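Here the structure is laid out as structure tokens; the discussion comes afterwards.
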Amino acid sequence: MYRCVACKVAFVHPVPSDAKLAEFYSTFHKGDDEGGVYDAMEGRMQADFPAKVGLVKAALARLGGAGGGAGRVLDVGCGKGYFVKAACDAGIDAEGIDLSDTGVRFATEELKVRACVGRIDTCAEEFVRDRGMFDVVTFWATIEHVPDPVATLSAIRRVLRPGGMLLLDTGIGWDWLDRSLPGRVQWYDPPQHLYVFSEASMRHALQASGFTTVSFDGCFERSPVRRLIRRARAAVLATGLRVGAALGRMKHGPFVQTKYPIGNLMSVSARRD
């Protein structure tokens, strides 16, 4: 991985081919007993869904949806479709798209939600032609996985109606925690994560794609109590590791293989210009 000296985005080079990424995610969304890794993440992700459904409803309400439930939502990088299901259960007209054939198969066959296999940056026009434009696009924990984030954001803009909202989250790099533990936060995980965005690089990518940033939260949690715990835990661990490094008990260098299960999550909302 490398880091841009100007905007501080970290990125994998060279980027894996589309075929390699498709192969990786075909396995990624399988269960533990099938050689996948998704089961370990699924519970944590679903626990955040009520708060994220609330964010979608708030965005729809600002766009004029009665009670925040009306409007059309596309979940880009929907995985196995659990967020699409949560949104539909909350009365939202939602569907998804994902690169993983196994993930989409589970979404459509097991959860009975609408989803399709594909990359939004290669089928945006088809989406608009066949389905019309969307009021809100969600992009949860996905932008770090795509090989060309600006192209993907630009494609998302094309499926959003004028004034429509993009809601995304991703691990944040180059914040106080990442600078305290360079390369050791959990987001540095290729080939799953191809990019680790700083706040500056995320704002730049959105602007370059035709979006205006509406809100930015550099430490998202589903409740104020959990946010406080996250900050305190990260501060204690970062301080302890830096003391250990100063005492010579551990090496402290950039982009090492040993990572710790810590890292702040940015949550961003942006409006299509």
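The values are calculated or read from the model by the stated rules, or taken from the named source; none is laboratory data. Remember, predicted model here, so these are calculated numbers, not experimental data. Neighbour counts are summed over all protein chains in view; Cβ atoms, including those assigned to glycine, are modelled from backbone coordinates with ideal geometry.
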Item to check | Hits in region 195-210 - residues which are in contact (Cβ under 8 Å) with a residue 12 or more places away in the chain and not in a loop (DSSP other than H, G, I, E, B) | outcome: Y195, V196, F197, E199, A200, S201, M202, R203, H204, A205, L206, A208
Checklist entry - Does at least one position in region 11-33 carry a residue that is closer than 22 Å to T138 by Cβ, modelled with pLDDT of 85 or more and in contact with a Lys or Arg (Cβ under 9 Å, 6 or more places away or on another chain)? => result no
Item to check | Filtered residue count, region 195-236, keeping only those that are closer than 27 Å to P162 by Cβ and modelled with pLDDT under 90 | outcome: 0
Next on the checklist: Please go through region 72-88 and give me each residue that is surrounded by fewer than 24 Cβ atoms within 10 Å (Cβ to Cβ) and either touching a helix residue (DSSP H, G or I) at 6+ places or on another chain (Cβ under 7 Å) or of a type in the set (K, R) (or both), ordered by number.
Outcome noted: R72, Y82, K85, A86
Checklist entry - Which fully enclosed helices (runs of 4 or more DSSP H) of region 81-194 have 2 or more residues being touching a residue at least 40 places away in the same chain (Cβ under 8 Å) and under 22 Å from V15 (Cβ atoms)? => result 101-109, 149-159
Item to check | Selection count where residues are of a type in the set (D, E), closer than 18 Å to Q192 by Cα and surrounded by fewer than 21 Cβ atoms within 10 Å (Cβ to Cβ), scope region 91-128 | outcome: 1
Next on the checklist: I'd like to verify a number: residues in region 154-189 that are within 30 Å of T239 (Cβ to Cβ) and not small (G, A, S), how many?
Outcome noted: 17
Item to check | Unique match (being surrounded by fewer than 21 Cβ atoms within 10 Å (Cβ to Cβ), touching a residue at least 12 places away in the same chain (Cβ under 8 Å) and over 28 Å from A115 (Cβ atoms)) among R226, R230 | outcome: R230
Next on the checklist: What are the pairs with Cβ atoms under 9 angstrom where one residue, in region 7-20, is touching a residue at least 40 places away in the same chain (Cβ under 8 Å) and more than 10 Å from P191 (Cα to Cα) and the other, located anywhere, is among the small types (G, A, S) and surrounded by fewer than 16 Cβ atoms within 10 Å (Cβ to Cβ)? Sequence gap at least six, or different chains.
Outcome noted: C7/A200; K8/A200; V9/A200
Checklist entry - Is region 130-151 home to any residue that is under 30 Å from R242 (Cα atoms), under 19 Å from the mean Cα position of the chain (by Cα) and acidic (D, E)? => result yes
Checklist outcome for this item: Note on V136: of the conditions (1) surrounded by fewer than 24 Cβ atoms within 10 Å (Cβ to Cβ); (2) under 13 Å from V76 (Cα atoms), unmet is (1)
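Please go through region 189-214 and pick out each residue that is of a type in the set (F, W, Y) and more than 15 Å from the chain's Cα centre (by Cα).
F211
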